[in-house]
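Bear in mind these aren't lab numbers, they're just calculated from the coordinates by the rules spelled out. Just so we're clear, the structure is a prediction, and the values are computed from it rather than from any experiment. Please note: Cβ atoms are built from the backbone with ideal geometry, for glycine as well, and neighbour counts cover all protein chains shown.
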Ligand code: XMP
């Protein structure tokens, strides 16, 4: 569904419901839901289509933001989606140990993610998986820009279950329209996008619990300080390597955090947003005073293209 063609959310939802019922028949399905707008809309529509024949799972991979797991379970619970929590933090960290390359990280994340889901489905005798893949995910994966973690069939990967992607022809603005039409709360319909692999791809290079904790704290500070700034995405990234700084009057070879704030319609192109210097200074001051290991904070200025929104 291309941009510019009038889009009717009500017709879209009715067709999607019929479609899901047609595929699943009298059987059961699982929805993998991260609490983001895409997967929540897909799960909500699947719930309308299948009711008790849908199980919603939420995977804790260890790469979520502070408080995100609890918050997401609460929101999904309030929507009547009865999320089942699969805590697989240690499995993800084990599988990703020592991996540095961004695309390898995504591939291992994807494999681990779908093995966890696949095991859950097998043990429950379920063959259908609903997920919130949207058009931009497919376009970029096929174009060889990035392997979005949730794009499977389009690249010929077979995990032994049938994937249902009700939103795969929509772009982000249309998904938000559907969310509003469905009456989902603003905390879902207007939610800032967050990549499926989460903080895993916000740590450039090697990932371990300590490095994730640093970017988790920095992310919280950025989101708090820029609460009133209207942007497509605003986040912190832990850069590879170290730089010289000062702690307690002595040289400290510490970490560097980059801040990225972009405006975008559909994530296919993006522009950096001009942030008042005073705001940038408060972010830098808070990050360096609240996270002892960080000695430098940078603001990233590149549009997409030639950059991408994420650093990895
Ligand atoms: P890039 O970095 O490719 O990001 O300009 C475009 C949009 O996609 C998000 N993103 C991902 N989302 N799995 C996801 O579900 C991924 O592997 C992934 N990589 C990037 C990114 O946050 C932005 O909104």
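In which sequence would 229, 139, 203 go, from the one with the fewest C-beta neighbours within 10 Å to the one with the most?
Neighbour counts put them in this order, fewest first: 229, 139, 203.
Hey, what angle do you get for helix 172-181 against the long axis of the chain, alpha-carbon based, 0 to 90 degrees rounded to 10?
The angle comes out near 60 degrees.
Taking only Cα atoms, what is the 0 to 90° angle, nearest 10, from helix 37-50's long axis to the longest principal axis of the chain?
Tilt relative to the chain: about 20 degrees.
Compute log10 of I(q)/I(0) for the chain with the Debye formula, placing one identical point scatterer on every Cα and leaving out solvent, at q = 0.11 Å⁻¹, to two decimals.
The calculated log intensity ratios at q = 0.11 Å⁻¹ are -0.69.
For the stretch 198-263, what's the relative contact order in percent, using C-alpha pairs closer than 8 Å and at least 6 residues apart?
Averaging sequence separation for qualifying contacts and normalising by length gives 32 percent for the stretch 198-263.
Order these by the 10 Å Cβ neighbour count, fewest first: 159, 114. Write out the running numbers ahead of the final one.
On the way: 159 17, 114 21.
Starting with the residue having the fewest Cβ neighbours, the order is 159, 114.
Taking 0.36 nm per residue of sequence separation and subtracting the Cα-Cα distance, how much length would be gained by fully extending the chain between residue 48 and residue 277, in nm to one decimal?
Separation in residues times 0.36 nm, less the Cα-Cα distance, equals 77.7 nm.
Tilt of helix 277-290 relative to the longest C-alpha principal axis of the chain, in degrees (0 to 90, nearest 10)?
Value to nearest ten degrees: 80.
What number, in percent, do you get for the relative contact order of the stretch 7-155 if the mean sequence gap of Cα pairs under 8 Å and at least 6 apart is divided by its residue count?
About 27 percent, as a whole number.
Fewest to most neighbouring Cβ within 10 Å: what's the order for 110, 74?
Details: 110 20, 74 12.
Starting with the residue having the fewest Cβ neighbours, the order is 74, 110.
Compute the distance in nm between two label points, each set 7 Å from the Cα along the Cα-to-Cβ direction, one at residue 269 and one at residue 246.
Result for the modelled spin labels: 4.5 nm.
Apply the a/c threshold of 1.5 to the C-alpha gyration tensor of the stretch 106-179 and tell me whether it is rounded, prolate or oblate. Don't jump to the answer; show the numbers that get you there.
Numbers: a/c = 2.30, a/b = 1.38, b/c = 1.67.
It is oblate, given that a/c is not under 1.5 and a/b is not larger than b/c.
For the chain, what is the mean residue ellipticity at 222 nm derived from helices alone (per DSSP H run of n ≥ 4: -39500 (n - 2.57); sum divided by total residues; nearest 500 deg cm²/dmol)? Intermediate results must be reported in sequence, preceding the final value.
On the way: 10 runs with 125 residues, N = 312.
Computed mean residue ellipticity for the chain: -12500 deg cm²/dmol.
At 0.36 nm per residue, minus the direct Cα-Cα distance, what do residue 213 and residue 187 gain on full extension? Give it in nm, one decimal, please.
That works out to 6.9 nm of additional length.
Which value, in Å to one decimal place, does the Kirkwood hydrodynamic radius take for the stretch 53-156 when every pair of different Cα atoms is included?
15.2
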